[in-house]
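Engineer: Questions regarding the structure given below will be posed in turn.
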Amino acid sequence: MNKWAVSWLALVASTSLQAATNLHIKSGETHTLDGKQTEWVLDELVLEDNATLVIPAALGQVQIDAVRAVIGSGARILAAGEAGAAGKAGATSEGVAEKCVDGTAGKHGEHGAAGGDGVAVNLTLRIAKLGSLQIDAQGGVGGDGGAGGKGQDAGEFDTCDAPRGGEGGRGGDGGDGGNGGHVRVFYTLLPESGITGSLGDRIKVDATGGEGGNGGEGGKGGEGGPGKFVTMKTLSGNKKWVAGGKPGANGANGKIGRDGGKGQVLVQQDLRSRMDELAQQQTAQAQAISSQVAAQLAEGQAASQASVQQSVQALNQEVDALKLTLAGAATQTMVQQQGSDLAARTSKLEQTLETILKRLEAVEKQLDNLTRKSAATPSAPAAP
């Protein structure tokens, strides 16, 4: 087979899988899935109130994934195994045997067929609405065994020993019950569902095994040859009573079939979706914290810049005042009577210069701290 043919077959298979992207079953109606397709990927699954989805037992297993599921009250998914067929009854040996011959035994009943296993159902649902859902994946009941046939009546006799009736046929055994199907429901609750907590009270699953079939009843034995008087000289006359033959034994009843085993049931929140949800929440929290840090940093930078501007402005004002003072001092040196005042003013100017130098050092420290904070602050993490 060439590559083109392989690609074409893959395309056909994919098209078959995606043929129905929506499945909508109206209230009170029943829909049966295609008996040849085991995987269904749906954009939307809608089961209105009392709607029924039937999954053919012949599928054995089925996977249904729905991006959005809307399920009303009383909805059902039927995926039970088929009941085993009953065994046929054994044939009866008709009529009466020939003279001096025992009756023929009746035929045995056939065994009942085993019940079919319930379908293995795997559902992955993103639930937008959920009333109640019943999933039936019980095993099929075993078929009853067939009844045994009646034995033939014995023939007449004369000089021979009285013949016996034929034995009844044995009843067939009941078929074993089928095993319950394994059911797994992985769900994600969409915000619009308004549902919180477990879904144990909304989704009910019956995966019990089927009951074994009843054993068939054994057939009745045939009648022995009838007793009669025969001609024979005796002390009391020339007639003697001879007892008839014994009847045939009744056939044994068949055995009851064994009950099927219970299937495994798992209904839980989809861990993959839950992990995605938690990851999204953590990403949102990280982004919020990053925005808050950025806002605080911007606010701190603005406050620091305002403080620096105020310090520079105050410094400029003090420098201007110093210039005026120096100019005044130069003029006053020309006046001899103010010599002593000039010395005092000179000392005051020296103190003012020392104060200005200290403020300049403080401003330099503020600028250095602001630079370090900006370099140490991490950038906001990128969204995954």
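The values are calculated or read from the model by the stated rules, or taken from the named source; none is laboratory data. Keep in mind that what you see is a predicted model, and the values were worked out from it rather than measured. When we count neighbours, we look across all protein chains shown, and the Cβ atoms used for this are built from the backbone with ideal geometry, even at glycine. Note: accessible area is taken over every heavy atom of the protein model, side chains too, but ligands, DNA and RNA are not part of it. Shrake-Rupley method; radii C 1.70, N 1.55, O 1.52, S 1.80 Å.
Engineer: Quick check: anything in the range 195-202 open to solvent by less than 60 Å² (accessible area, probe 1.4 Å) and in contact with a Ser or Thr (Cβ under 8 Å, 6 or more places away or on another chain)?
Structural biologist: no
Engineer: State whether the residues of the range 171-181 include one that is at pLDDT 90 or above, open to solvent by less than 70 Å² (accessible area, probe 1.4 Å), farther than 30 Å from E217 by Cβ and under 56 Å from the mean Cα position of the chain (by Cα).
Structural biologist: Looking through the range 171-181, at least one residue is at pLDDT 90 or above, open to solvent by less than 70 Å² (accessible area, probe 1.4 Å), farther than 30 Å from E217 by Cβ and under 56 Å from the mean Cα position of the chain (by Cα).
Engineer: On to the next question. Please go through the range 91-108 and give me each residue that is over 13 Å from A249 (Cα atoms), among the small types (G, A, S) and surrounded by 15 or more Cβ atoms within 10 Å (Cβ to Cβ), ordered by number.
Structural biologist: Passing the criteria: A91, S93, A97.
Engineer: Run E39 past the list (1) open to solvent by 50 Å² or more (accessible area, probe 1.4 Å); (2) closer than 29 Å to G142 by Cβ and report the number of the one that doesn't hold.
Structural biologist: The one condition E39 does not meet is (2).
Engineer: Going by the conditions given, is R126 open to solvent by 70 Å² or more (accessible area, probe 1.4 Å), touching a helix residue (DSSP H, G or I) at 6+ places or on another chain (Cβ under 9 Å) and not in a loop (DSSP other than H, G, I, E, B)?
Structural biologist: When the stated conditions are applied, R126 passes them.
Engineer: For the range 76-90, enumerate the residues that are open to solvent by 20 Å² or more (accessible area, probe 1.4 Å) and either hydrophobic (A, V, I, L, M, F, W, C) or part of a loop (DSSP other than H, G, I, E, B) (or both).
Structural biologist: Residues satisfying the conditions are L78, A80, E82, A83, A85, A86, K88, A89.
Engineer: Can you name every residue in the range 109-123 that is part of a strand (DSSP E or B) and open to solvent by 10 Å² or more (accessible area, probe 1.4 Å)?
Structural biologist: Selection gives A120, N122.
Engineer: Could you please give the count of residues in the range 185-201 that are at pLDDT below 90, polar (S, T, N, Q) and closer than 26 Å to A137 by Cα?
Structural biologist: 1
Engineer: Pairs needed: first member in the range 187-202, on the phi < 0 side of the Ramachandran plot; second member anywhere, modelled with pLDDT of 90 or more and among the polar types (S, T, N, Q); C-beta distance under 6 Å; at least 6 residues apart or different chains.
Structural biologist: R202/S132
Engineer: Of the residues that make up the range 131-149, is at least one under 30 Å from Y187 (Cα atoms), open to solvent by less than 10 Å² (accessible area, probe 1.4 Å) and either among the hydroxyl-bearing types (S, T, Y) or not in a loop (DSSP other than H, G, I, E, B) (or both)?
Structural biologist: yes
This table checks each residue for (1) over 30 Å from G218 (Cβ atoms); (2) touching a Lys or Arg at 6+ places or on another chain (Cβ under 7 Å); (3) modelled with pLDDT of 90 or more.
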position: S27; (1), (2), (3): yes, no, yes
position: D49; (1), (2), (3): yes, no, yes
position: A66; (1), (2), (3): yes, yes, yes
position: A91; (1), (2), (3): no, yes, yes
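Engineer: When you scan the range 42-70, how many residues do you find that are in a loop (DSSP other than H, G, I, E, B) and open to solvent by less than 20 Å² (accessible area, probe 1.4 Å)?
Structural biologist: 2
Engineer: Given the conditions (1) touching a residue at least 60 places away in the same chain (Cβ under 8 Å); (2) in a loop (DSSP other than H, G, I, E, B); (3) surrounded by fewer than 18 Cβ atoms within 10 Å (Cβ to Cβ), report the number of the one that S73 does not fulfil.
Structural biologist: (1) is the only condition that S73 fails.
Engineer: Suppose we filter the range 150-187 for residues that are acidic (D, E), under 30 Å from E98 (Cα atoms) and part of a loop (DSSP other than H, G, I, E, B); how many remain?
Structural biologist: So the answer is 4.
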